[in-house]
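Input: a single structure, listed below in structure tokens.
The values are calculated or read from the model by the stated rules, or taken from the named source; none is laboratory data. Everything quoted here is computed from the prediction, not taken from an experiment. Every residue, glycine as well, gets a Cβ built from its backbone with ideal geometry; the counts of neighbours run over all protein chains shown. Only protein heavy atoms, including side chains, enter the accessible area calculation; ligands, DNA and RNA are left aside. Shrake-Rupley method; radii C 1.70, N 1.55, O 1.52, S 1.80 Å.
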Amino acid sequence: MNSTKGTPLSEEDFKRAVKEITRPRAVYDVAPGEAYSRFFRGLKEGKILGTRCPSCRLVHVPPKVYCQYCYVPLTEWVEVKDEGYVETAVVVYIAAERERLETPEVVGVVRLEGSGDEYRFPGLMHRICADPDDVKSMKLLGSKVRARWAKEKQGGINDIECFEVVQWK
């Protein structure tokens with residue numbers, strides 16, 4: 001029989017070895033990479049850019065550097081419309097910073113137009129300027145939306161303030 005016994009620790013040894021951290025001291029430094037850097041530059045110019053696969057012709061928005069289906073590099077850039085259709089949506093009550101929102105927001109996935117049938121789900125996840133009741137009633141799903149651009153763009157995803165409904169399903 002194989003014994004898996006370890007060395008028991010006293011309560012005092014355990015407290016010395018294990019220190020509880022009540023607040024994480026994480027510092028994030030994330031580089032967006034080639035594809036997202038160009039995507040963000042496009043947003044600053046009021047354009048939504050994607051990459052097209054030379055093999056299967058699928059357009060990836062947000063852009064990718066490799067097609068996840070064909071495993072080939074994606075080097076062709078295309079601009080898609082800032083309009084599309086709501087594929088899915090939820091009502092959120094907690095902010096990204098984990099604080100409770102005073103007013104709930106609607107977040108969803110928008111399938112953008114401009115790339116025909118070559119566009120691949122899931123699409124662009126973003127805020128949708130809609131009433132939470134429109135999500136609960138399913139009225140929002142399939143509705144046509146258009147980007148509401150920020151007046152002063154910074155080259156980030158918040159250059160699109162939200163997507164507004166232009167035509168209900």
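Residues PHE40, PHE163, PHE14, sorted by accessible area with the largest first, give PHE14, PHE40, PHE163 [1.4 Å probe; ligands and nucleic acids excluded].
Whole-Hz Karplus values for the range 150-160 come out as 5, 5, 10, 8, 10, x, x, 5, 7, 5, 9 Hz, taken residue by residue from phi with 6.51 cos²θ - 1.76 cosθ + 1.60 and θ = phi - 60°; glycine and proline positions read x. Pairs of Cα atoms nearer than 8 Å and 6+ residues apart set the relative contact order; for the chain it is 19 percent.
For the range 42-78, the list of chymotrypsin sites (Phe, Trp or Tyr not before Pro) that fall in a loop by DSSP and count at most 12 other C-beta atoms within 10 angstrom reads TYR69, TYR71. Each Lys and Arg adds +1 at its Cβ and each Asp and Glu adds -1 at its Cβ; summed about the Cα centre, the chain shows a dipole of about 260 debye. Where both bridge residues fall in the chain, DSSP classifies roughly 90% of the beta bridges as antiparallel.
Filter the trypsin sites (Lys or Arg not before Pro) in the range 35-97 down to the DSSP loop ones having no more than 11 other Cβ atoms within 10 Å, then list what survives.
Numbers: sites: ARG38, ARG41, LYS44, LYS47, ARG52, ARG57, LYS64, LYS81; in loops: LYS47, ARG57, LYS64, LYS81.
Within the range 35-97, no trypsin sites (Lys or Arg not before Pro) qualify (loop, at most 11 other Cβ atoms within 10 Å).
Restricting attention to the range 32-167, the count of lysine pairs at 8 or more positions apart or across chains with alpha carbons under 13 Å apart stands at 5.
222 nm [θ] for the chain, helices only, -39500 (n - 2.57) per DSSP H run of 4+, per residue, to 500? Rounded to the nearest 500, the figure is -4000 deg cm²/dmol.
Which of the peptides 27-35, 124-132 is most tightly packed, and how do the rest follow, going by the mean number of other Cβ atoms within 10 Å of each residue? Spell out each step's value before the answer.
Values: 27-35: 8.7, 124-132: 18.0.
With the highest mean Cβ count within 10 Å placed first, the list reads 124-132, 27-35.
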